[in-house]
Every structure is written in C-alpha cells, then in structure tokens.
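First the structure, in the form of structure tokens, and then the observations on it.
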Amino acid sequence: MRNRFLFLGLLRASLVLGALYDLAFAVTMVVAPQLPARLLSLPLPGERFYLSILAVLLTMLAILYLAAAEDPRRYSAVVLVAALGRCAGAGALALAARGRPELAGLWALAGADLAFGLAHATFWKLQR
C-alpha cells in the first residue's frame with residue numbers, strides 16, 4: 001500500500017515535469033525560436049506561424065498534464081493518452097531523424113518523449 005502512494009507521487013511528478021518541459025519549449029519556440037534550433041542543430045520552418053501553432057498545442061497539453069497531476073485517478077484518460085502520445089511522439093521523431101544527419105537533433109527530443117512516456121506508463125501501472 002505504501003508503495004502505491006510512492007508511485008502515485010512519482011506519477012504526479014512526472015506529469016508536472018512533462019508539463020514544465022512542454023511549457024518551456026512552447027515559450028522558447030515563440031520568444032526565441034533560434035535557441036532550440038541552434039541547440040538541437042535543427043532548421044527553423046520557413047513560416048514562423050507553424051511554431052506558434054505548435055506552441056499553443058504544447059501549452060494546452062501542459063495544462064492537461066497539470067490537471068492530471070492534481071488527480072491522476074480522476075484524469076486517468078489524460079494520463080494514458082500522455083503515456084501513449086509521448087511514446088508515439090518519440091517514434092515519429094525517431095522516424096523523421098532516421099538516416100537524416102541534418103535532423104540529428106530530433107534524437108534528443110525523441111529520447112525525452114520516450115522517457116516521459118515510459119515514466120508515465122510505469123508509474124501509472126505501479127500506483128494501481
């Protein structure tokens with residue numbers, strides 16, 4: 001029983017960290033898009049409005065993560081979508097980077113998404 005509460009706390013923490021990660025990336029994409037592009041050696045899109053749209057979606061996702069972190073059992077669907085979505089995102093980023101040296105920076109993002117996805121899934125399963 002005690003372990004369930006430990007894993008519930010770890011699940012909440014992983015959701016909050018995922019939300020902060022997404023919010024930081026969203027803000028940076030709008031305020032200083034050259035920073036992540038330079039750090040990850042990735043090209044910026046030709047049209048900047050794509051970054052704004054992605055930033056809005058990341059912000060919405062972060063808010064859902066924070067709601068789920070508050071009460072993961074009540075928002076279990078959000079937790080499950082977060083876990084699956086992060087893993088799917090990791091796969092999509094890895095496929096995009098595969099065989100494309102100019103997109104090698106996507107591997108770091110894929111790794112982060114996979115780590116969050118596995119953490120959410122593992123802590124969700126263990127807290128039940």
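Values quoted throughout were computed directly from the atomic coordinates according to the rules given, and no laboratory measurement underlies them. Fair warning: this is a prediction, and the values are worked out from it, not measured in the lab. Every residue, glycine as well, gets a Cβ built from its backbone with ideal geometry; the counts of neighbours run over all protein chains shown.
Evaluating residue 92 against the criteria (1) within 14 Å of the chain's Cα centre (by Cα); (2) touching a residue at least 40 places away in the same chain (Cβ under 8 Å) leaves one unmet condition, (2). With respect to (1) in a helix (DSSP H, G or I); (2) among the hydroxyl-bearing types (Ser, Thr, Tyr); (3) touching a residue at least 12 places away in the same chain (Cβ under 8 Å), the lone exception for residue 41 is condition (1).
For residues that are touching a residue at least 24 places away in the same chain (Cβ under 8 Å) and part of a helix (DSSP H, G or I), scanning just segment 98-115, find the one that is farthest from the chain's Cα centre (by Cα). Break it down stepwise before answering.
Filtering segment 98-115 for residues touching a residue at least 24 places away in the same chain (Cβ under 8 Å) gives 102-106, 108-109, 112-114.
Those still in the list that are part of a helix (DSSP H, G or I) too: 102-103, 106, 108-109, 112-114.
Details: 102: 22, 103: 19, 106: 13, 108: 12, 109: 9, 112: 7, 113: 5, 114: 8 Å.
Once the filter is applied, the top-ranked residue is 102.
Quick check, is residue 49 in contact (Cβ under 8 Å) with a residue 12 or more places away in the chain and aromatic (Phe, Trp, Tyr)?
On the way: in contact (Cβ under 8 Å) with a residue 12 or more places away in the chain: no; aromatic (Phe, Trp, Tyr): yes.
In short, no.
Test residue 55 against the criterion of being in contact with a helix residue (DSSP H, G or I) (Cβ under 8 Å, 6 or more places away or on another chain) and of a type in the set (Gly, Ala, Ser), and give yes or no.
On the way: in contact with a helix residue (DSSP H, G or I) (Cβ under 8 Å, 6 or more places away or on another chain): yes; of a type in the set (Gly, Ala, Ser): yes.
Spelling it out, residue 55 is indeed in contact with a helix residue (DSSP H, G or I) (Cβ under 8 Å, 6 or more places away or on another chain) and of a type in the set (Gly, Ala, Ser).
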